[in-house]
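Enquirer: First the structure, which I've put down as structure tokens, then a few questions once you've had a look.
The values are calculated or read from the model by the stated rules, or taken from the named source; none is laboratory data. Computed from a prediction, not measured in an experiment: that's the story for all the values here. For neighbour counting, all protein chains shown are included, and Cβ atoms are generated from backbone atoms with ideal geometry for every residue, glycine included. We work out accessible area using only protein heavy atoms, side chains counted, and drop any ligands, DNA or RNA first. Shrake-Rupley method; radii C 1.70, N 1.55, O 1.52, S 1.80 Å.
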Amino acid sequence: FLTFIQDFSKAMSQAGSSQFQEVIRQELEYSMKVELDKILATAHSNEIEHTKKDLEGFKKLFHRFLQEKGPSVDWGKIQRPPEDSIQPYEKIKARGLPDNIASVLNKLVVVKLNGGLGTSMGCKGPKSLIGVRNENTFLDLTVQQIEHLNKSYNTDVPLVLMNSFNTDDDTKKILQKYSHSRVKIYTFNQSRYPRINKETLLPIAKDVSYSGENTECWYPPGHGDIYASFYNSGLLDNLIAEGKEYIFVSNIDNLGATVDLYILNHLMNPPNGKRCEFVMEVTNKTRADVKGGTLTQYENKLRLVEIAQVPKAHVDEFKSVSKFKIFNTNNLWIALSAIKRLQEKNAIDMEIIVNPKTLDGGLNVIQLETAVGAAIKSFENSLGINVPRSRFLPVKTTSDLLLVMSNLYSLNAGSLTMSEKREFPTVPLVKLGSSFTKVQDYLRRFESIPDMLELDHLTVSGDVTFGKNVSLKGTVIIIANHGDRIDIPAGALLENKIVSGNLRILDH
């Protein structure tokens, strides 16, 4: 510490604050290296190799984090993307499909981001194992979709799951049940990085273990980690050797992210003969999506700009639906050869997302993360495709779960499609209160899922339960005040109704 003080006073006497900052930065990097070396020294011989890779990756990220100053985008340089850089889906679909669509499909790999836990919905274990429709989980539906493709076209499209250390064990146990399905399933793990104390900027972990009280010391560093982890796992090279050319990447909780043959054909047989290395599916913003990342033109490249990167003075402009009409669905199509090339050159550039967290004991930590779509600017000949809203159907909350469980959607071969009986193709706005946050509470409050075919808006707050065969139409607002309870009776029809106060229907 004494040398630190000496360096400090030396730097100050030179009156150069940039030199001072440089000294501080070097001190922090050195301290971090010392701590990471201590952690690595606690690894068993069979863990050393991958722990070393993880900590090296983290060190690079930490180095970049210390280098960066202020928002990572210069607002003045942001422009609307040129017309042809975001193509309407209709135009791509109008090209039709070639006769040999099977040979095109055989070049594809489906990758699902499966690192998340179901904690926000009150579930333990991987989110992908939550039941979403007729007892089927997110993972079941994904396997069914790809199996249907492989059977219909006599192809061999594999499924790859990017797990995290949080989801890997539980997911692998479940995979045995698909051993007879017509889908090859591979997994690889994203990195495991140490959370750092917000005050000291040093890791809170003292050793490599991540069970028991140490679970809070580590985190998976966001889905931008896919490029390095996929490459490091060896799976990328194996798939290239098998003749695979593109991956279709999406979040496992986006039930709209099915393989689209028209987009795949556009990639494999581009109209101008020049293949895209990266395609991002975007869709039009609604009021609910104002915070979603958007595609812009920046220094002559397509670039994904997230709300966290926007200077405070421009946040409202960023959210405006008139200037930025689209947002990123995180459905991405990426050339495998390009990932390999860029990864080997260390040329994938993604902005760092600083994610602050407060641990159960009250300690403030930060996680350094990256987002998969942010790499778009590193690839050649990137393209946005403006797809129908139906390709973005994420299930983040029980409000979303209610929509996908209802008769608004029909299920066919693992894919959900909006019921033809619904007159408006838009999805109703559903807001369930905190009594419904956890999946088990939510399920307890619905004896059966209501008929929602003609629903526009539903808000439910407080202690509310629904009997069997309830129908909801138009705008329905149900509010049970604190201490009150509302039971919607079986067979009730609520159309453009506000229900509040106390309502108990007692059996005779």
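Enquirer: If you average 1/r over every pair of different alpha-carbon atoms in the range 190-281 and take one over that average, what Kirkwood value in Å do you get?
Expert: 16.8 Å is the Kirkwood radius here.
Enquirer: With only alpha-carbon atoms in the gyration tensor, what are the semi-axes of the equivalent ellipsoid for the range 29-181, in Å, largest first? Could you put the intermediate results ahead of the total?
Expert: Details: eigenvalues 268, 168, 58 Å².
Result for the range 29-181: semi-axes of 37, 29, 17 Å.
Enquirer: Straight-line reach from Lys177: which aspartates and glutamates have Cα under 15 Å away, leaving out those fewer than 8 places along the same chain?
Expert: Lys177 reaches Glu135, Asp140, Glu147, Asp169.
Enquirer: Any idea what log10 I(q)/I(0) is at q = 0.12, 0.14, 0.16, 0.22 Å⁻¹ for the range 294-379, Debye with uniform C-alpha scatterers and no solvent?
Expert: Listed by q, the Debye log ratios stand at -0.49, -0.64, -0.80, -1.15.
Enquirer: Related question: As a test of reading the structure, rank Ser18, Ser191 by solvent-accessible area (1.4 Å probe, protein chains only), most first.
Expert: Ser18, Ser191
Enquirer: Right, here's the next one. Could you check the simple spin-label distance between Asn481 and Ile366, using points 7 Å along Cα→Cβ, in nm with one decimal?
Expert: Label-label distance for Asn481 and Ile366, simple model: 4.6 nm.
Enquirer: Put Tyr231, Tyr219 in order of accessible area, largest first, 1.4 Å probe: what do you get?
Expert: Tyr231, Tyr219
Enquirer: Between Glu454 and Glu299, what is the label-point separation in nm under the 7 Å Cα-to-beta-carbon projection?
Expert: Here the modelled spin labels are 5.6 nm apart.
Enquirer: Moving to a separate point now. Could you look at the chain and say what percent of its accessible area is carbon and sulfur, using a 1.4 Å probe and all protein chains?
Expert: 50 percent
Enquirer: Return one whole number: the accessible area per residue of the range 206-322 in Å², for a 1.4 Å probe.
Expert: I get 41 Å² per residue for this part.
Enquirer: Can you tell which of Ala308, Ile353, Asn328 lies farthest toward the positive end of the dipole of the range 297-371, using +1 and -1 charges on the Cβ of basic and acidic side chains (Lys, Arg; Asp, Glu)?
Expert: Positive-end residue among those listed: Asn328.
Enquirer: State the extension gain, in nm to one decimal, for the chain segment bounded by Tyr210 and Lys124, taking 0.36 nm per residue of separation less the distance between their alpha-carbons. Kindly include the intermediate steps, with their values, before the conclusion.
Expert: Details: separation 86, 0.36 × 86 = 30.96 nm, distance 1.65 nm.
Length difference between fully extended and current span is 29.3 nm.
Enquirer: Show me, for the range 112-121, the HN-Hα J-couplings you get by feeding each phi into the Karplus relation (A = 6.51, B = -1.76, C = 1.60, θ = phi - 60°), rounded to Hz, glycine and proline as x.
Expert: Residue by residue, the range 112-121 yields 10, 7, 10, x, x, 9, x, 4, 5, 10 Hz.
Enquirer: Let me ask something else. Given a 1.4 Å probe, how much area per residue of the range 111-181 is accessible, in Å²?
Expert: So the range 111-181 comes to 42 Å² accessible per residue, rounded to a whole number.
Enquirer: Listed here are the pairs Lys33/Lys206; Lys184/Lys340; Lys184/Lys396; Lys124/Lys206; Lys107/Lys340; Lys52/Lys340; which of them are more than 18 Å apart at the Cα?
Expert: In this structure, Lys184/Lys340; Lys184/Lys396; Lys124/Lys206; Lys52/Lys340 lie more than 18 Å apart at Cα.
Enquirer: Apply 1/(1 + (r/R0)^6) to the Cβ-Cβ distance of Glu495 and Asp316, taking R0 = 22 Å, and write down the FRET efficiency to the nearest 0.05.
Expert: 0.05
Enquirer: When the convex hull of the C-alpha atoms of the chain is computed, what volume per residue in Å³ does it have?
Expert: Once divided by residue count, the hull of the chain is 196 Å³.
Enquirer: Sticking with this one: Determine, from the Cβ-Cβ distance of Asp170 and Glu22 and an R0 of 51 Å, the FRET efficiency 1/(1 + (r/R0)^6), rounded to the nearest 0.05.
Expert: 0.65
Enquirer: If you add up the charges near Lys206, with Lys and Arg at +1 and Asp and Glu at -1, over every other residue whose beta carbon is less than 14 angstrom from its beta carbon, what do you get?
Expert: Value of the local net charge: -3.
Enquirer: For Cα pairs less than 8 Å apart in space and 6+ apart in sequence, what is the mean separation divided by the residue count of the chain, i.e. the relative contact order in percent?
Expert: 15 percent
Enquirer: Say the cut-off is 21 Å between C-alpha atoms; which of Lys59/Lys345; Lys127/Lys173; Lys112/Lys431 go over it? Present the calculation step by step, with values, prior to reporting the outcome.
Expert: Numbers: Lys59/Lys345 18 Å; Lys127/Lys173 15 Å; Lys112/Lys431 27 Å.
Result: Lys112/Lys431 exceed 21 Å.
Enquirer: Moving on. Of the options Asn189, Ile174, Pro220, report the single residue whose Cα projects farthest towards the positive end of the charge dipole of the range 163-222 (beta-carbon charges: Lys, Arg +1; Asp, Glu -1).
Expert: It is Ile174.
Enquirer: Then there is this: Compute the Cα gyration tensor for the range 112-152, then decide on rounded, prolate or oblate, letting a ≥ b ≥ c be the square roots of its eigenvalues: rounded whenever a/c is under 1.5, prolate when a/b is larger than b/c in the other cases, and oblate in all that remain.
Expert: Oblate, since a/c reaches 1.5 and b/c is not below a/b.
Enquirer: I want to check a number: in the range 254-339, how many lysine pairs have alpha carbons closer than 21 Å, given a sequence separation of 8 or more or different chains?
Expert: Step by step, the pairs that qualify in the range 254-339 add up to 13.
Enquirer: How much accessible area per residue does the range 419-508 have, in Å², with a 1.4 Å probe? Please list the in-between numbers first.
Expert: Values: 5410 Å² over 90 residues.
For the range 419-508, the solvent-accessible area averages 60 Å² per residue.
Enquirer: Within a Cβ distance under 13 Å of Val305, other residues only, what is the Lys/Arg minus Asp/Glu net charge?
Expert: On the way: positive: Lys77, Arg80, Lys291, Lys301, Arg303, Lys319, Lys323, Lys377; negative: Asp74, Glu299, Glu306, Glu317, Glu351.
Once positives and negatives cancel, what remains is +3.
Enquirer: May I ask you to order 141-150, 102-111 by the average number of other C-beta atoms within 10 Å around their residues, highest value first?
Expert: The packing order, highest mean first, is 141-150, 102-111.
Enquirer: Treating only the Cβ of Lys, Arg, Asp and Glu as charged (+1, +1, -1, -1), what charge dipole size does the chain show about its Cα centre? Round to the nearest 20 debye.
Expert: 620 debye
Enquirer: Could I ask something else about it? Normalised by the number of residues in the range 99-252, what is the relative contact order in percent for Cα pairs under 8 Å and 6+ residues apart?
Expert: About 30 percent, as a whole number.
Enquirer: Leaving ligands, DNA and RNA out of it, rank Ser179, Ser382 by accessible area with a 1.4 Å probe, largest first. Display every interim value, and only then the final one.
Expert: Values: Ser179 80, Ser382 25 Å².
Ranked list, largest accessible area first: Ser179, Ser382.
Enquirer: Before rounding to the nearest 500, sum -39500 (n - 2.57) across all DSSP H runs of length at least 4 in the chain and divide by the residue total; then give [θ] at 222 nm in deg cm²/dmol.
Expert: Taken over the chain, the calculation gives -8000 deg cm²/dmol.
Enquirer: Okay, next question. Note down the accessible area of Arg275, probe 1.4 Å, to the nearest 10 Å².
Expert: 100 Å²
Enquirer: Now for a separate question. Give the cross-link partners of Lys77 among the aspartates and glutamates, using a straight C-alpha distance below 12 Å as the criterion and excluding same-chain residues fewer than 8 apart.
Expert: Excluding near neighbours in sequence, the set is Glu299.
Enquirer: Now for a separate question. Among residues other than Ile477 whose Cβ falls under 10 Å from its Cβ, what is the net charge (Lys/Arg +1, Asp/Glu -1)?
Expert: Combined, the nearby Lys, Arg, Asp and Glu give +2.
Enquirer: Using R₀ = 30 Å, calculate the FRET efficiency as 1/(1 + (r/R₀)^6) where r is the Cβ-Cβ separation of Phe65 and Ala413; round to 0.05.
Expert: So the FRET efficiency works out to roughly 0.10.
Enquirer: Excluding residues on the same chain fewer than 8 positions from Lys357, give the aspartates and glutamates whose Cα lies under 18 Å from its Cα.
Expert: Glu199, Glu213, Glu216, Glu369
Enquirer: Evaluate the distance, in nm, between pseudo-label points positioned 7 Å from the Cα of Lys431 and of Asn284 along their respective Cα→Cβ axes.
Expert: 2.4 nm
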